[in-house]
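Worksheet: one structure, shown below.
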Amino acid sequence: IRPDLPPKVGDVIARGMAKLPEERYRSVGEFAAALRAASAPVLAAAAAADERRRVGRLGWAAIVAVLLVIAALGGAAVFSLLSRPSEPTSPPGSGSVAPSPTLIAGGEVTASPVFPTALPSISPGPSTVVPSPTLEPGRTPRPTDPSSGTPTPTPAVATPSPSPSPVPTLATPSPTPPPPGLPLVAEGGWSVGNSPAGVSGSPYVVVGAHQRRYEIATQCTSEDDCRFTAATFNQSGTRLGTARFNWNGDAYVYRGSANWYRRDGGSTCETSGGELVEDAYRTGEEVRVRPTGSGGTSSAMTGTKTISGTPTAAGEAAGCAPFEMSYNVDMNLTP
(Lines give C-alpha, C1' and ligand atoms only; values in the text may rest on other atoms or scores of the structure.)
Protein backbone atom coordinates (compact mmCIF):
# COMPACT_ATOMS: atom_id res chain seq x y z
CA ILE A 1 0.00 0.00 0.00
CA ARG A 2 2.91 2.38 0.78
CA PRO A 3 5.80 1.43 -1.54
CA ASP A 4 7.82 4.41 -0.26
CA LEU A 5 8.16 2.84 3.21
CA PRO A 6 11.30 0.77 4.02
CA PRO A 7 10.93 -3.06 4.18
CA LYS A 8 11.80 -2.86 7.89
CA VAL A 9 8.42 -1.23 8.58
CA GLY A 10 6.68 -4.33 7.20
CA ASP A 11 8.75 -6.58 9.45
CA VAL A 12 7.88 -4.48 12.52
CA ILE A 13 4.14 -4.55 11.69
CA ALA A 14 4.28 -8.30 10.94
CA ARG A 15 5.77 -9.00 14.34
CA GLY A 16 3.26 -6.70 16.06
CA MET A 17 0.43 -8.72 14.46
CA ALA A 18 1.95 -12.14 15.21
CA LYS A 19 -0.60 -14.76 16.19
CA LEU A 20 1.23 -15.98 19.28
CA PRO A 21 1.76 -13.50 22.17
CA GLU A 22 5.35 -14.56 22.75
CA GLU A 23 6.26 -13.54 19.21
CA ARG A 24 4.86 -10.03 19.59
CA TYR A 25 6.47 -7.00 21.22
CA ARG A 26 6.48 -7.02 25.00
CA SER A 27 5.00 -3.51 25.28
CA VAL A 28 3.47 -0.70 23.20
CA GLY A 29 6.56 1.40 23.87
CA GLU A 30 8.83 -1.28 22.43
CA PHE A 31 6.60 -1.56 19.33
CA ALA A 32 6.60 2.25 18.88
CA ALA A 33 10.40 2.42 19.24
CA ALA A 34 10.87 -0.31 16.61
CA LEU A 35 8.43 1.39 14.21
CA ARG A 36 10.11 4.77 14.71
CA ALA A 37 13.56 3.29 14.03
CA ALA A 38 12.33 1.48 10.90
CA SER A 39 10.71 4.61 9.42
CA ALA A 40 13.58 6.99 10.31
CA PRO A 41 14.77 7.44 6.65
CA VAL A 42 11.24 8.49 5.50
CA LEU A 43 10.87 10.97 8.40
CA ALA A 44 14.30 12.48 7.66
CA ALA A 45 13.42 12.91 3.96
CA ALA A 46 10.08 14.63 4.85
CA ALA A 47 11.87 17.01 7.26
CA ALA A 48 14.43 17.90 4.55
CA ALA A 49 11.61 18.64 2.05
CA ASP A 50 9.86 20.95 4.57
CA GLU A 51 13.15 22.81 5.18
CA ARG A 52 13.70 23.34 1.42
CA ARG A 53 10.19 24.80 1.04
CA ARG A 54 10.80 27.16 3.97
CA VAL A 55 14.13 28.34 2.50
CA GLY A 56 12.39 29.01 -0.86
CA ARG A 57 9.82 31.26 0.80
CA LEU A 58 12.59 33.20 2.60
CA GLY A 59 14.40 33.72 -0.74
CA TRP A 60 11.33 35.33 -2.38
CA ALA A 61 10.82 37.60 0.65
CA ALA A 62 14.44 38.81 0.37
CA ILE A 63 14.02 39.62 -3.36
CA VAL A 64 10.87 41.68 -2.69
CA ALA A 65 12.67 43.58 0.12
CA VAL A 66 15.61 44.43 -2.21
CA LEU A 67 13.22 45.75 -4.92
CA LEU A 68 11.47 47.98 -2.36
CA VAL A 69 14.84 49.44 -1.23
CA ILE A 70 15.82 50.20 -4.84
CA ALA A 71 12.47 51.94 -5.49
CA ALA A 72 12.83 54.05 -2.33
CA LEU A 73 16.37 55.18 -3.25
CA GLY A 74 15.28 56.06 -6.80
CA GLY A 75 12.37 58.18 -5.50
CA ALA A 76 14.71 60.05 -3.14
CA ALA A 77 17.09 60.86 -6.03
CA VAL A 78 14.30 62.24 -8.25
CA PHE A 79 12.93 64.38 -5.40
CA SER A 80 16.40 65.80 -4.73
CA LEU A 81 16.85 66.82 -8.39
CA LEU A 82 13.43 68.50 -8.60
CA SER A 83 13.82 70.43 -5.36
CA ARG A 84 17.32 71.98 -5.91
CA PRO A 85 17.44 75.89 -6.09
CA SER A 86 17.36 77.74 -9.47
CA GLU A 87 20.26 79.86 -10.74
CA PRO A 88 20.35 83.49 -9.42
CA THR A 89 20.09 86.48 -11.82
CA SER A 90 23.42 88.14 -12.63
CA PRO A 91 23.74 91.68 -11.08
CA PRO A 92 24.30 94.84 -13.16
CA GLY A 93 27.79 95.11 -14.56
CA SER A 94 28.15 91.44 -15.27
CA GLY A 95 26.76 91.45 -18.81
CA SER A 96 23.13 92.59 -18.24
CA VAL A 97 21.51 95.79 -19.62
CA ALA A 98 20.26 98.39 -17.14
CA PRO A 99 16.59 99.35 -17.40
CA SER A 100 15.77 102.69 -19.13
CA PRO A 101 13.38 105.19 -17.47
CA THR A 102 9.99 105.89 -19.05
CA LEU A 103 8.05 109.18 -18.64
CA ILE A 104 4.31 108.73 -18.04
CA ALA A 105 1.46 111.24 -17.44
CA GLY A 106 1.66 113.04 -14.14
CA GLY A 107 5.39 113.57 -14.36
CA GLU A 108 6.36 110.22 -12.83
CA VAL A 109 9.29 108.42 -14.20
CA THR A 110 9.24 104.63 -14.05
CA ALA A 111 11.94 102.28 -14.99
CA SER A 112 10.92 99.74 -17.59
CA PRO A 113 13.24 96.80 -17.67
CA VAL A 114 14.90 96.22 -20.99
CA PHE A 115 15.90 92.60 -21.49
CA PRO A 116 18.95 91.76 -23.57
CA THR A 117 18.34 90.25 -26.96
CA ALA A 118 20.88 87.52 -26.19
CA LEU A 119 22.28 86.15 -22.98
CA PRO A 120 26.03 86.47 -22.60
CA SER A 121 27.86 83.21 -22.97
CA ILE A 122 30.28 82.11 -20.32
CA SER A 123 33.13 80.08 -21.67
CA PRO A 124 35.68 78.52 -19.38
CA GLY A 125 39.33 78.73 -20.26
CA PRO A 126 40.79 76.29 -22.71
CA SER A 127 42.20 74.09 -19.96
CA THR A 128 39.40 74.57 -17.43
CA VAL A 129 37.21 71.53 -16.66
CA VAL A 130 34.25 72.06 -14.34
CA PRO A 131 33.75 68.87 -12.34
CA SER A 132 30.30 67.60 -11.46
CA PRO A 133 30.15 66.98 -7.75
CA THR A 134 28.62 63.77 -6.49
CA LEU A 135 25.74 64.21 -4.08
CA GLU A 136 26.21 62.05 -1.05
CA PRO A 137 23.07 60.67 0.60
CA GLY A 138 21.72 63.14 3.22
CA ARG A 139 23.66 66.17 1.78
CA THR A 140 22.06 69.25 0.08
CA PRO A 141 23.99 70.84 -2.87
CA ARG A 142 25.48 74.33 -2.13
CA PRO A 143 24.56 77.02 -4.72
CA THR A 144 27.35 78.73 -6.63
CA ASP A 145 28.28 82.34 -5.87
CA PRO A 146 26.38 84.53 -8.40
CA SER A 147 29.36 86.85 -8.87
CA SER A 148 31.64 84.05 -10.00
CA GLY A 149 29.86 83.63 -13.32
CA THR A 150 30.18 79.82 -13.01
CA PRO A 151 26.93 77.92 -13.48
CA THR A 152 25.75 75.64 -10.70
CA PRO A 153 26.84 72.10 -11.58
CA THR A 154 24.20 69.39 -11.76
CA PRO A 155 24.80 66.91 -8.93
CA ALA A 156 25.01 63.23 -9.77
CA VAL A 157 23.13 61.04 -7.29
CA ALA A 158 25.00 57.89 -6.29
CA THR A 159 22.58 54.99 -5.98
CA PRO A 160 23.98 52.10 -3.91
CA SER A 161 23.82 48.69 -5.58
CA PRO A 162 21.90 46.22 -3.43
CA SER A 163 23.70 43.04 -2.48
CA PRO A 164 21.77 39.81 -3.06
CA SER A 165 20.72 38.02 0.08
CA PRO A 166 22.65 34.76 0.56
CA VAL A 167 20.57 31.61 0.33
CA PRO A 168 21.30 29.35 3.32
CA THR A 169 22.54 25.85 2.55
CA LEU A 170 20.49 23.06 4.08
CA ALA A 171 22.79 20.77 6.03
CA THR A 172 21.75 17.12 6.30
CA PRO A 173 22.60 15.76 9.76
CA SER A 174 24.94 12.78 9.73
CA PRO A 175 23.78 9.69 11.64
CA THR A 176 25.56 9.14 14.94
CA PRO A 177 27.84 6.10 14.68
CA PRO A 178 27.51 3.44 17.39
CA PRO A 179 30.20 3.37 20.08
CA PRO A 180 33.16 1.05 19.41
CA GLY A 181 33.30 -2.46 20.79
CA LEU A 182 29.68 -3.46 20.09
CA PRO A 183 28.92 -6.86 18.47
CA LEU A 184 27.78 -5.39 15.15
CA VAL A 185 26.57 -7.65 12.32
CA ALA A 186 25.96 -6.74 8.69
CA GLU A 187 22.46 -6.17 7.35
CA GLY A 188 21.13 -8.05 4.33
CA GLY A 189 20.69 -11.66 3.26
CA TRP A 190 22.36 -14.46 5.24
CA SER A 191 22.63 -18.19 4.56
CA VAL A 192 22.10 -20.34 7.66
CA GLY A 193 23.22 -23.97 7.85
CA ASN A 194 21.98 -26.32 10.63
CA SER A 195 23.82 -29.63 11.03
CA PRO A 196 22.57 -32.27 13.57
CA ALA A 197 24.57 -32.59 16.82
CA GLY A 198 22.38 -34.96 18.88
CA VAL A 199 18.85 -36.21 19.79
CA SER A 200 17.41 -37.07 23.19
CA GLY A 201 13.97 -38.60 23.76
CA SER A 202 11.69 -39.86 20.99
CA PRO A 203 10.40 -37.02 18.77
CA TYR A 204 7.73 -38.11 16.30
CA VAL A 205 9.23 -35.89 13.59
CA VAL A 206 13.03 -35.88 13.46
CA VAL A 207 14.52 -32.90 11.62
CA GLY A 208 17.87 -33.59 9.99
CA ALA A 209 20.29 -31.12 8.42
CA HIS A 210 18.44 -28.15 6.98
CA GLN A 211 19.11 -24.74 5.45
CA ARG A 212 17.53 -21.41 6.21
CA ARG A 213 17.79 -17.90 4.74
CA TYR A 214 17.65 -14.82 6.97
CA GLU A 215 17.00 -11.22 5.93
CA ILE A 216 18.61 -9.32 8.81
CA ALA A 217 17.96 -5.76 10.02
CA THR A 218 20.03 -4.54 13.00
CA GLN A 219 19.72 -2.02 15.81
CA CYS A 220 22.66 -1.70 18.16
CA THR A 221 23.31 1.50 20.13
CA SER A 222 24.69 0.08 23.39
CA GLU A 223 25.35 -3.21 25.18
CA ASP A 224 21.87 -3.03 26.71
CA ASP A 225 20.15 -2.14 23.42
CA CYS A 226 21.66 -4.40 20.77
CA ARG A 227 19.62 -6.79 18.63
CA PHE A 228 18.78 -7.86 15.11
CA THR A 229 15.54 -9.02 13.49
CA ALA A 230 15.55 -11.82 10.93
CA ALA A 231 12.79 -12.64 8.45
CA THR A 232 13.24 -16.42 8.11
CA PHE A 233 12.71 -18.51 4.96
CA ASN A 234 13.10 -22.22 4.33
CA GLN A 235 15.19 -23.71 1.53
CA SER A 236 12.30 -23.49 -0.98
CA GLY A 237 11.79 -19.76 -0.27
CA THR A 238 8.64 -20.03 1.90
CA ARG A 239 8.60 -17.50 4.69
CA LEU A 240 8.45 -19.13 8.11
CA GLY A 241 8.14 -16.04 10.31
CA THR A 242 10.23 -13.38 12.03
CA ALA A 243 12.82 -14.05 14.73
CA ARG A 244 14.26 -11.41 17.04
CA PHE A 245 17.75 -12.00 18.42
CA ASN A 246 18.75 -10.03 21.55
CA TRP A 247 22.34 -9.60 22.73
CA ASN A 248 22.78 -10.84 26.31
CA GLY A 249 26.44 -9.88 26.73
CA ASP A 250 27.71 -13.24 25.42
CA ALA A 251 25.61 -14.14 22.35
CA TYR A 252 22.59 -13.20 20.28
CA VAL A 253 19.69 -15.34 21.55
CA TYR A 254 16.30 -16.16 20.03
CA ARG A 255 13.60 -18.14 21.84
CA GLY A 256 10.31 -19.00 20.13
CA SER A 257 7.55 -21.59 19.84
CA ALA A 258 8.79 -23.29 16.61
CA ASN A 259 5.45 -23.04 14.90
CA TRP A 260 6.98 -24.26 11.64
CA TYR A 261 7.94 -27.51 13.41
CA ARG A 262 4.45 -27.84 14.93
CA ARG A 263 2.91 -27.45 11.45
CA ASP A 264 5.13 -30.29 10.25
CA GLY A 265 3.72 -32.60 12.95
CA GLY A 266 6.24 -31.92 15.69
CA SER A 267 3.56 -31.73 18.42
CA THR A 268 2.43 -35.32 17.77
CA CYS A 269 3.36 -38.17 20.13
CA GLU A 270 3.43 -41.87 19.32
CA THR A 271 2.76 -44.00 22.40
CA SER A 272 4.41 -47.33 23.12
CA GLY A 273 1.28 -49.00 21.85
CA GLY A 274 1.52 -47.20 18.47
CA GLU A 275 -1.26 -44.69 19.17
CA LEU A 276 -0.81 -41.14 17.80
CA VAL A 277 -1.74 -38.32 20.17
CA GLU A 278 -2.19 -34.84 18.63
CA ASP A 279 -1.10 -31.71 20.50
CA ALA A 280 0.86 -33.81 22.93
CA TYR A 281 3.81 -31.34 23.00
CA ARG A 282 4.50 -27.65 23.36
CA THR A 283 7.29 -27.14 20.86
CA GLY A 284 10.10 -24.65 21.35
CA GLU A 285 13.18 -23.40 19.52
CA GLU A 286 16.28 -21.66 20.88
CA VAL A 287 19.16 -20.28 18.75
CA ARG A 288 22.38 -18.83 20.21
CA VAL A 289 24.96 -17.32 17.80
CA ARG A 290 28.08 -15.16 18.20
CA PRO A 291 29.82 -12.92 15.63
CA THR A 292 33.21 -14.18 14.46
CA GLY A 293 36.30 -12.05 13.97
CA SER A 294 37.46 -9.06 16.01
CA GLY A 295 36.30 -5.47 15.57
CA GLY A 296 34.18 -3.92 12.85
CA THR A 297 30.93 -5.29 11.47
CA SER A 298 30.81 -9.07 11.32
CA SER A 299 29.63 -10.99 8.24
CA ALA A 300 29.77 -14.45 9.85
CA MET A 301 28.35 -16.06 13.02
CA THR A 302 28.44 -19.50 14.62
CA GLY A 303 26.46 -21.12 17.42
CA THR A 304 23.90 -23.75 18.38
CA LYS A 305 20.21 -24.46 17.90
CA THR A 306 17.82 -26.59 19.94
CA ILE A 307 14.31 -27.85 19.04
CA SER A 308 12.44 -29.20 22.06
CA GLY A 309 9.10 -30.74 22.98
CA THR A 310 7.49 -30.46 26.44
CA PRO A 311 4.46 -32.71 27.08
CA THR A 312 1.07 -31.04 27.47
CA ALA A 313 -1.59 -32.43 29.83
CA ALA A 314 -2.75 -34.74 27.02
CA GLY A 315 0.83 -35.84 26.39
CA GLU A 316 1.49 -36.59 30.03
CA ALA A 317 -1.71 -38.60 30.23
CA ALA A 318 -0.55 -40.66 27.23
CA GLY A 319 2.90 -41.20 28.76
CA CYS A 320 4.76 -39.02 26.22
CA ALA A 321 8.31 -38.12 27.32
CA PRO A 322 10.04 -34.81 26.55
CA PHE A 323 12.54 -34.70 23.69
CA GLU A 324 15.27 -32.44 22.35
CA MET A 325 17.20 -32.11 19.04
CA SER A 326 20.42 -30.05 18.89
CA TYR A 327 22.29 -28.57 15.91
CA ASN A 328 25.45 -26.65 15.09
CA VAL A 329 24.71 -23.37 13.32
CA ASP A 330 26.90 -21.67 10.70
CA MET A 331 25.73 -18.26 9.36
CA ASN A 332 27.33 -16.22 6.55
CA LEU A 333 26.40 -12.99 4.76
CA THR A 334 25.50 -13.70 1.12
CA PRO A 335 26.83 -11.42 -1.66
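The values are calculated or read from the model by the stated rules, or taken from the named source; none is laboratory data. Everything quoted here is computed from the prediction, not taken from an experiment. Note that we place each Cβ from the backbone using ideal geometry, even for glycine, and neighbour counts take in every protein chain shown. SASA here: full protein model, heavy atoms, side chains in, ligands and nucleic acids out. Shrake-Rupley method; radii C 1.70, N 1.55, O 1.52, S 1.80 Å.
Return the distance in nm (one decimal) between the two label points of a simple spin-label model at Ala49 and Asn328, each offset 7 Å from Cα along Cα→Cβ.
5.2
At q = 0.22, 0.24 Å⁻¹, what is the base-10 log of I(q)/I(0) for segment 175-286 according to the Debye formula with one equal point scatterer per Cα and no solvent? Please give it to two decimals.
The computed values of log10 I(q)/I(0) come out as -1.26, -1.38.
Percent of accessible area on segment 1-54 owned by carbon and sulfur, 1.4 Å probe?
Of the solvent-accessible surface of segment 1-54, carbon and sulfur hold 65 percent.
Restricting to DSSP loop positions (anything but H, G, I, E, B) with no more than 12 other Cβ atoms inside 10 Å of their own Cβ, which GluC sites (Glu not before Pro) remain in segment 239-283?
Within segment 239-283, the qualifying GluC sites (Glu not before Pro) (loop, at most 12 other Cβ atoms within 10 Å) are Glu275, Glu278.
By per-residue mean of other Cβ atoms within 10 Å, what is the highest-first order of 204-210, 60-66, 243-249?
Answer by packing, highest mean first, reads 243-249, 204-210, 60-66.
What residues have an amide H closer than 5 Å to that of Thr312, excluding those fewer than 5 places away on the same chain, when H is modeled at 1.01 Å from N in the peptide plane?
Tyr281, Arg282
Ranked highest first by the average count of other Cβ atoms within 10 Å around their residues, in what order do 313-325, 251-263 fall?
Ranking the peptides 313-325, 251-263 by packing returns 251-263, 313-325.
When the Cα centres of segment 6-77 and segment 321-335 are compared, how far apart do they sit, in Å?
42
Measuring from label point to label point, each 7 Å out along Cα→Cβ, what is the Met17 to Val64 span in nm?
Roughly 4.7 nm, to one decimal.
With each pseudo-label sitting 7 Å past Cα toward Cβ, what's the Ala77-Ala40 distance in nm, one decimal?
5.6
Hey, what do the phi angles of segment 312-317 turn into as Karplus ³J(HN,Hα) couplings, whole Hz, using 6.51/-1.76/1.60 and θ = phi - 60°, x for Gly and Pro?
7, 4, 5, x, 5, 5
Whenever you get a sec, compute what percent of the accessible area on segment 240-328 sits on carbon and sulfur atoms (1.4 Å probe).
44
Local charge sum around Arg57 (other residues, Cβ-Cβ under 14 Å, Lys/Arg +1, Asp/Glu -1)?
So the surrounding residues net to +1.
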